[in-house]
Amino acid sequence: MIGNLPYVVVVIFIGLGIYTLMFKKNLIKIAIGVCLIENGVNLFLITLGYRKGAIAPIYTQAPSGQVMVLPTPQALTLTSIVIGIATTALILSVAMMIYKHYGTLDTDEVRRLRG
Amino acid sequence: MNLSNHIPILIIAIPLLAAFLVPLIGRINKKATGILTTFALSVSLILTIVLAVKILTVGPQVYVFGATSPSLTLPSGLKFPIRIMFQIDAMGIFMGLITAVVSFLGAIYSLPFIKKYDGVDKYYSLLLLLTVGMFGMEFTGDIFNFFVFLEIASIASVALISFRGVDYGEPAEAGFKYMVVSSISALMVLFAVGIFYGQYDILNFAAIASVIKYSQLDKIALGLLIPVLAMKAGAVPMHMWTPDAYSEAPAPITMILVAASQASLYALFRVVFSLYNISLNTLTVGWIIIIFGLLSMFIGVTMAIVQKDIKRLMAYHAVSQTGYMLLGVGVGLAVLANPVALQKYGITAMEGGIFHIMNHAMYKGLLFLTAGALFFRTGTRDLNKMGGLAHYMKYTTIFFIIGAAAIAGLPPFNGFASKLLIYESVYRFNPLLSIIAMVVSILTLASFVKVFHSAFLGPKLPQFKEVKEVPSSMVFAMAVLSCIIIFFGLFPDLIVKNLVHPAVMSLIEQLQYTGTALGGM
């Protein structure tokens, strides 16, 4: 049971992220929501590769016979984190441009495109 | 070294290299950036055509990274379950051809169109990255690679949509919406990747397809993948980003964005057909896709009729036309488990849907380019402010008529060919669906008659006295698209038999897809 705890945290992260996206009106908070979902997915990937009592997957220095955690999910997560930084930076810079033109970050007022 | 074995990676590597060369060259000479971009994309186009000929005559190609075969064992005894690879079959190269043509023409059209803006070198760099992302999504055989290329394409397209955001607020607003939508979809794709990896320990499309059990977790993954890929393709309940992004991006980028959303559509078909195939409940999933299609067709066209902004109007039509593709392929999926119905009309319906992808990329691209030409000369996108432009812009008028006739499905243009395939096959599945599709087509025609009337006809207006025809490279890009439209309209049999039918068969026959990748394993 206790081993499933990380998955509960994943659900909480993604749930909070979706809640933020749907109900918050501030563009910066929307960016935070995207980050929360991203962290949840990253945690999910890392948890998939976890094995009880295992060591870090560094092949050359490991004592033989020792169990290692799976290296592939860690590589995936690393890639995903790098992409996430680019995404966040882009979202924030676009939010900055919006603030420059509209003078506000409220989604109810940033609505020139409609219909 | 035999270079012809490395064509798949060269198609991606050349634009990728050029994307990072362009900002460097831009420091020395701004004009050279556009020429370098066009050159890189023309090399890509030629290589794609060479690869297409090879695939259609020899068969699907597998390109393995860092090895000669998918299951190579190193001398040290190191063996991977399956390596990272590109797997390109008839469907992948069909999409690749669209991407290559559209991005090449977009670069040519951009040469005069983008000249007056700052940051031209960054524009071309992003355009090349967007092309790389699209090619990658279409060629890859690895589901995690697909996620990476999806993100490359999204990030590049967001930056391009908000390219004019430095001067105006609206493009930044459209870019923000698209960024949120595409990062959510990409993260959900990554979550589905995690689900597959957790169950099967592999990340390769074909390898997963060969062991998939359609367990509860696979259903969850399917439930995540279908909506998010449909959202990226702009199907109706999730279409809110489409009109904003399409109307605010520069015109050549809008044309490439249409092809980028079709790359997501391709991924949707790839997941449903190659990954799950008949292991899923095809009737239910088929109807879900048909309903997405119906909603897109009808709501898209009704929203388009009331628009006054020419590019926004065309963007809603793009949503509506996406519905036709979903309808055709959805009918094919619904009868996938029933061989008799599949032979009788399922394959024809899918041929219509897939053929419509290419036709739509061509005529919608042409229409967006004509809208861009009007904007380039008049400085407005508002239909109420335009009028009498046929007096000044003769070529653009002709190209607009060709594009409008093609989208409305009039013979002898290409839209007619694919829509007829969809009508007659879908009628045998369910007559009501076919009738709705025809009504939508008539509404499309009505809407474009309105555009033609208010933008091109009427007396000469004094404020447009200075307006003249657009520069020759813009005319060239539009003329090439018009020629393709007329050629496809006159010889649809040729295209369907040689290009579309192999693509459809490569989707339907899952065993062939997995067999190509796994080979002797």
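In the range B:198-218, which residues are part of a helix (DSSP H, G or I), out of contact with any Gly (no Cβ under 7 Å at 6 or more places or on another chain) and touching a residue at least 12 places away in the same chain (Cβ under 8 Å)?
In the first step, residues of the range B:198-218 are kept if they are part of a helix (DSSP H, G or I); the result is B:198-200, B:205-211, B:216-218.
Those left that are additionally out of contact with any Gly (no Cβ under 7 Å at 6 or more places or on another chain): B:198-200, B:207-211, B:216-218.
Matches in the range B:198-218: B:GLY198, B:GLN199, B:TYR200, B:ALA207, B:ILE208, B:ALA209, B:SER210, B:LEU217, B:ASP218.
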Total residues in the range B:456-506, condition modelled with pLDDT of 90 or more, among the small types (Gly, Ala, Ser) and over 23 Å from B:MET95 (Cα atoms):
2
Please work out if B:THR242 is within 14 Å of chain A (Cβ to nearest Cβ), in a helix (DSSP H, G or I) and of a type in the set (S, T, N, Q).
yes
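So that you can scan it fast, the table gives a plain yes or no per residue for (1) acidic (Asp, Glu); (2) in contact with a helix residue (DSSP H, G or I) (Cβ under 8 Å, 6 or more places away or on another chain); (3) at pLDDT 90 or above:
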position: B:PRO237; (1), (2), (3): no, yes, no
position: B:THR242; (1), (2), (3): no, yes, yes
position: B:GLU248; (1), (2), (3): yes, yes, yes
position: B:SER264; (1), (2), (3): no, yes, yes
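Listed here are the residues, each with its yes/no results for (1) facing chain A (nearest Cβ under 9 Å); (2) crowded, with 24+ Cβ neighbours inside 10 Å.
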{"position": "B:TYR109", "(1), (2)": "no, yes"}
{"position": "B:PHE135", "(1), (2)": "no, yes"}
{"position": "B:PHE144", "(1), (2)": "yes, no"}
{"position": "B:LEU150", "(1), (2)": "no, yes"}
{"position": "B:ALA156", "(1), (2)": "no, yes"}
{"position": "B:ALA186", "(1), (2)": "yes, yes"}
{"position": "B:TYR200", "(1), (2)": "no, no"}
Name the residues in the range A:48-84 that are within 11 Å of another protein chain (Cβ to nearest Cβ) and assigned to a helix (DSSP H, G or I), would you?
A:LEU48, A:THR72, A:PRO73, A:ALA75, A:LEU76, A:THR77, A:THR79, A:SER80, A:VAL82, A:ILE83, A:GLY84
Report the residue count in the range B:1-29 for those that are surrounded by 14 or more Cβ atoms within 10 Å (Cβ to Cβ), in contact (Cβ under 8 Å) with a residue 24 or more places away in the chain and not β-branched (Val, Ile, Thr).
8
Among all residue pairs at least 6 apart or on different chains, which show Cβ distances below 7 Å where the first residue, located in the range A:44-73, is at positive phi and the second is assigned to a loop (DSSP other than H, G, I, E, B)?
A:GLY53/A:VAL67
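Here are some residues: A:ILE12, A:ILE32. Which one is of a type in the set (Val, Ile, Thr), in a helix (DSSP H, G or I), more than 9 Å from chain B (Cβ to nearest Cβ) and in contact with a Lys or Arg (Cβ under 9 Å, 6 or more places away or on another chain)? Quick ask: steps written out before the conclusion?
Numbers: A:ILE12 fails: in contact with a Lys or Arg (Cβ under 9 Å, 6 or more places away or on another chain).
None of the other options fit; the residue is A:ILE32.
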Filtering the range B:167-179 for residues that are more than 7 Å from every other protein chain (Cβ to nearest Cβ) and either under 15 Å from B:SER125 (Cβ atoms) or part of a helix (DSSP H, G or I) (or both) leaves a count of 3
Can you run down the residue pairs with Cβ atoms below 7 Å, 6 or more apart or on separate chains, where the first is in the range B:286-304 and more than 16 Å from B:LEU222 (Cβ to Cβ) and aromatic (Phe, Trp, Tyr) and the partner is modelled with pLDDT under 95 and buried (at least 23 other Cβ atoms within 10 Å of the Cβ)?
B:PHE298/B:VAL440
Find the residue count for the range B:80-114, including only residues that are outside any helix (DSSP H, G or I) and touching a Lys or Arg at 6+ places or on another chain (Cβ under 9 Å).
0
Quick test of your reading of the structure: A:LEU113 fulfils all but one of (1) within 10 Å of chain B (Cβ to nearest Cβ); (2) under 25 Å from the mean Cα position of the chain (by Cα). Name the failing condition by number.
(2)
Any idea how many residues of the range B:357-389 are assigned to a loop (DSSP other than H, G, I, E, B) and either under 17 Å from B:ALA263 (Cβ atoms) or in contact with a helix residue (DSSP H, G or I) (Cβ under 6 Å, 6 or more places away or on another chain) (or both)?
2
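Hey, can you tell me all the residues within the range B:451-460 that are touching a residue at least 12 places away in the same chain (Cβ under 8 Å) and either in a helix (DSSP H, G or I) or more than 21 Å from B:GLN307 (Cβ to Cβ) (or both)? Working first, answer last.
Quick first cut of the range B:451-460, residues touching a residue at least 12 places away in the same chain (Cβ under 8 Å) only: B:451-452, B:454-460.
Hits for the range B:451-460 are B:VAL451, B:PHE452, B:SER454, B:ALA455, B:PHE456, B:PRO459, B:LYS460.
The values are calculated or read from the model by the stated rules, or taken from the named source; none is laboratory data. Not measured: the values here are computed from a predicted model. Counting neighbours? That spans all protein chains shown, and the Cβs are built from the backbone with ideal geometry, glycine included.
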